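First the structure, in the form of structure tokens, and then the observations on it.
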Amino acid sequence: MFESLSDRLGKIFDGLRGRGALNEADVDAALREIRRALIEADVSLEVVRAFVEQVRDRAIGVEVTRSVTPGQQVVKIVHDELVGVLGEAATPIDLNAAAPVTILMVGLQGSGKTTTTAKIAKRLKDKQKKKVLLASLDTRRPAAMEQLKVLGEQVGVDTLPIVAGEDPVTIARRAAREARLGGFDVLILDTAGRTHIDEELMAETAEIKSVSSPHEVLLVVDALTGQDAVNLARSFDARVDITGIVMTRVDGDGRGGAALSMRAATGKPIKLIGVGEKMDALEDFHPSRIADRILG
Ligand code: GDP
């Protein structure tokens with residue numbers, strides 16, 4: 001387990017209580033620990049640097065009050081700044097458009113895209129009483145198309161019948177037609193992923209986006225992605241202008257620093273988090289909770 005930032009800062013600031021304002025040497029010592037904590041939490045180096053400067057500006061000259069220790073005071077500053085970057089409140093999926101509202105799921109293979117697609121469908125059906133249609137555009141992996149069908153059946157949501165030999169764009173068009181004619185409220189398109197970003201993947205995803213006019217484009221990213229998260233989020237955002245991010249495997253050992261990196265790099269909100277393999281293991285993203293987790 002990691003030592004929490006509060007414990008580390010407590011050690012640095014031992015005996016400082018009641019001494020007045022935090023001076024630059026105190027703050028520099030604290031910033032070193034903050035930098036280490038953020039890097040251990042997998043926040044990208046570029047984001048750590050910018051963030052630490054932001055904290056420095058706020059921390060120097062802060063009065064050390066009697067009621068809390070300086071360590072706790074700095075932790076509070078860091079926490080507030082983290083929440084400031086992550087966004088103040090949960091940002092729900094936006095369905096405010098004419099039905100059928102299309103949601104496009106994008107991301108790398110293995111990120112949890114198909115699982116998350118089914119989880120979102122279940123949530124919209126159960127909580128918002130929406131009639132949802134799912135369609136897999138992963139034509140290179142028949143097993144992935146089959147997996148979506150099985151998960152759809154499991155959560156009680158329709159999937160577009162699979163027609164062998166169709167290309168992703170044709171499927172996207174057929175799905176839109178089916179959603180319209182079938183009176184569906186929401187259409188969720190699960191796109192193909194690759195193990196890494198490549199031009200072919202991006203071109204295909206961009207083409208699917210242009211024919212399906214999605215209201216939401218959600219990038220699915222594994223919480224354990226680490227330093228690659230910034231590049232990943234920037235690449236997808238540049239090509240398909242994502243509207244939000246879903247971070248999966250938040251139930252794992254990772255500290256979720258990727259959330260901070262991706263938000264800082266793209267300005268796009270983390271909308272939901274995956275917290276397990278089960279179909280109801282999907283939660284709203286609460287910035288304050290992830291800030292606590294990043295701080296350990
Ligand atoms: P895809 O290739 O992006 O479509 O990934 P899948 O949806 O097939 O997911 C890959 C694996 O990750 C599956 O075994 C899922 O059950 C698992 N998975 C997805 N989301 C989560 C999550 O939030 N937590 C955990 N623990 N496992 C997840």
Yes or no: segment 195-205 includes at least one residue that is part of a loop (DSSP other than H, G, I, E, B), within 12 Å of the ligand (Cβ to nearest atom) and surrounded by 13 or more Cβ atoms within 10 Å (Cβ to Cβ). no
For residues that are in contact (Cβ under 8 Å) with a residue 24 or more places away in the chain, within 16 Å of the ligand (Cβ to nearest atom) and assigned to a helix (DSSP H, G or I), tally how many sit in segment 111-166. 18
Only one residue in THR139, THR159, THR69 is at pLDDT 95 or above, of a type in the set (Ser, Thr, Tyr) and crowded, with 16+ Cβ neighbours inside 10 Å, so which one is that? THR159
For the subset of segment 225-234 comprising residues that are within 16 Å of the ligand (Cβ to nearest atom) and of a type outside the set (A, V, I, L, M), which member is surrounded by the fewest Cβ atoms within 10 Å (Cβ to Cβ)? ASP228
Spot the failing condition for SER288; the list is (1) touching a helix residue (DSSP H, G or I) at 6+ places or on another chain (Cβ under 6 Å); (2) free of Cβ contacts under 8 Å to residues at least 12 places away in the same chain, and only one is missed. (2)
What about VAL75, is it assigned to a helix (DSSP H, G or I), more than 15 Å from the chain's Cα centre (by Cα) and either within 16 Å of the ligand (Cβ to nearest atom) or under 24 Å from ASP253 (Cα atoms) (or both)? yes
Reported set for segment 91-110 where residues are near the ligand (Cβ under 10 Å from one of its atoms) and touching a Lys or Arg at 6+ places or on another chain (Cβ under 7 Å) is MET105, GLY107, LEU108, GLN109
For segment 206-238, which positions are part of a helix (DSSP H, G or I) and in contact (Cβ under 8 Å) with a residue 60 or more places away in the chain? ILE208, LYS209, SER212, GLY226, GLN227, ALA229, VAL230, LEU232, PHE236
Please find, within segment 206-224, the residue that is nearest to the ligand (Cβ to nearest atom) out of those that are touching a strand residue (DSSP E or B) at 6+ places or on another chain (Cβ under 8 Å) and more than 21 Å from ALA258 (Cβ to Cβ). ILE208
Residue list for segment 262-296, restricted to those being away from the ligand (no atom under 12 Å from the Cβ) and either part of a strand (DSSP E or B) or under 10 Å from the mean Cα position of the chain (by Cα) (or both): MET262, ARG263, LYS268, PRO269, ILE270, LYS271, ASP284, PHE285
Taking into account only those residues within segment 239-257 that are crowded, with 20+ Cβ neighbours inside 10 Å, more than 11 Å from the ligand (Cβ to nearest atom) and in a loop (DSSP other than H, G, I, E, B), which is modelled with the lowest pLDDT? ARG255
Just one listed residue, out of VAL62, VAL52, VAL78, is over 30 Å from GLN128 (Cβ atoms), surrounded by 23 or more Cβ atoms within 10 Å (Cβ to Cβ) and in contact (Cβ under 8 Å) with a residue 12 or more places away in the chain, and it is VAL78
Can you pull out every residue in segment 167-194 that is of a type outside the set (A, V, I, L, M, F, W, C), in contact with a Leu (Cβ under 7 Å, 6 or more places away or on another chain) and surrounded by 17 or more Cβ atoms within 10 Å (Cβ to Cβ)? PRO168, GLU178, ASP190, THR191, GLY193
Can you confirm whether segment 113-133 contains a residue that is more than 17 Å from ASP280 (Cα to Cα), of a type outside the set (Gly, Ala, Ser) and modelled with pLDDT under 95? no
Take THR102 and tell me if it is more than 25 Å from PHE13 (Cα to Cα), in a helix (DSSP H, G or I), touching a Ser or Thr at 6+ places or on another chain (Cβ under 8 Å) and not small (Gly, Ala, Ser). no
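The values are calculated or read from the model by the stated rules, or taken from the named source; none is laboratory data. Just so we're clear, the structure is a prediction, and the values are computed from it rather than from any experiment. FYI the Cβ positions are ideal-geometry reconstructions off the backbone, even for glycines, and counts take in every protein chain you see.
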